[in-house]
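Trainee: This is the structure I want to talk about, given as structure tokens.
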Amino acid sequence: MAQQQTIRRSAAGVSAADIDAGLRAHMSKVYGTMSVGMLITALAAWAIAGLAVTTDPSQAVIQMANGKLLTSLGNTIYFTPLKWVIMFAPLAFVFGLSAGINKLSASAAQLVFYGFAAVMGLSLSSIFLVYTGYSIIQIFLITSIAFASLSLYGYTTKRNLSAMGSFLMMGVVGLIVASIVNIWLASPALMFAISAIGVLIFAGLTAYDTQKIKTIYLEMAGTGQDEMIGKAAIMGALSLYLDFINMFMFLLHLFGNRE
């Protein structure tokens, strides 16, 4: 399909070399935007966790089961009804950005994405209270290697991965439903199953989304829709960001060492 697109664009007066150069620039923007988002999330999570924990008993409001002392901020964001707002806020950002992307400029969409990354950092900050720092870094590196390999496969493979896209998205819906149910069941066995299946689903989505990003660019290359291509890069970065974060979290649940 990519070759057919290239031929069609060449016939329209855009050379294959120009398309290849444009595709490389487009993918660089996607990965670059995603990387900045990941950095924002990591810094926000680390900073919030630092403010939520104290070693001074006089400043502590509550003590967790693992012995960590929480400040008033920590108690508020982790043990009051506000935790539900924080938990589901990133999901609201995703739906809002997806629904409103056509009304935003590419630069505005990028700012919204970075805002989402900061909110995601707040939502994920609790991992620093539950898992050891070494374990978090270790799982992050493992996820990075797996993500890079899967994304490279999605970019280079000649196999059309679109057929598995609908199947994988159905799997994501199933994971969300099962995760919500397990909030009340608190079943370790169900959580293990959700995490194992989740790793496989988001591994597949990483390859699928990468190929989809590439295909969308090839369909728009040479049409003069630079603003739309810019927005597509932001949405592509969002898709890959979510694939990475979810794969990381599921691997952390499976293999992370708790405090």
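The values are calculated or read from the model by the stated rules, or taken from the named source; none is laboratory data. Remember, predicted model here, so these are calculated numbers, not experimental data. Heads up, the Cβs are rebuilt from the backbone with ideal geometry, glycines too, and the neighbour counts pull from every protein chain shown.
Trainee: Could you run through the range 173-193 and say how many residues are within 22 Å of the chain's Cα centre (by Cα), more than 17 Å from MET87 (Cβ to Cβ) and surrounded by 12 or more Cβ atoms within 10 Å (Cβ to Cβ)?
Mentor: Within the range 173-193, residues that are within 22 Å of the chain's Cα centre (by Cα), more than 17 Å from MET87 (Cβ to Cβ) and surrounded by 12 or more Cβ atoms within 10 Å (Cβ to Cβ) number 3.
Trainee: Then there's this: Could you check GLY100 against (1) surrounded by 12 or more Cβ atoms within 10 Å (Cβ to Cβ); (2) modelled with pLDDT of 90 or more and say which number it fails?
Mentor: Going through (1) surrounded by 12 or more Cβ atoms within 10 Å (Cβ to Cβ); (2) modelled with pLDDT of 90 or more one by one, GLY100 breaks only (2).
Trainee: What is the number of the single condition among (1) hydrophobic (A, V, I, L, M, F, W, C); (2) surrounded by 13 or more Cβ atoms within 10 Å (Cβ to Cβ); (3) free of Cβ contacts under 8 Å to residues at least 40 places away in the same chain that ALA92 does not meet?
Mentor: (2)
Trainee: When TYR78 is evaluated against the numbered criteria (1) surrounded by 12 or more Cβ atoms within 10 Å (Cβ to Cβ); (2) over 20 Å from MET120 (Cβ atoms); (3) among the hydroxyl-bearing types (Ser, Thr, Tyr), which criterion, by number, is the only one it fails?
Mentor: Of the numbered conditions (1) surrounded by 12 or more Cβ atoms within 10 Å (Cβ to Cβ); (2) over 20 Å from MET120 (Cβ atoms); (3) among the hydroxyl-bearing types (Ser, Thr, Tyr), the odd one out for TYR78 is (2).
Trainee: Could you tell me which of the residues SER107, SER151, SER135, SER144 is touching a Ser or Thr at 6+ places or on another chain (Cβ under 7 Å) and either among the polar types (S, T, N, Q) or not in a helix (DSSP H, G or I) (or both)?
Mentor: Just one listed residue meets the conditions, SER151.
Trainee: Looking at the range 30-67 only, could you name the residues that are buried (at least 17 other Cβ atoms within 10 Å of the Cβ), within 22 Å of LEU238 (Cα to Cα) and either without any contact (Cβ under 8 Å) to a residue 40 or more places away in the chain or in contact with a Gly (Cβ under 7 Å, 6 or more places away or on another chain) (or both)?
Mentor: VAL30, ILE40, THR41, ALA44, ALA45
Trainee: Now a separate question. Could you check how many residues of the range 101-127 are within 22 Å of VAL173 (Cβ to Cβ) and over 15 Å from the mean Cα position of the chain (by Cα)?
Mentor: Looking only at that region, the number is 1.
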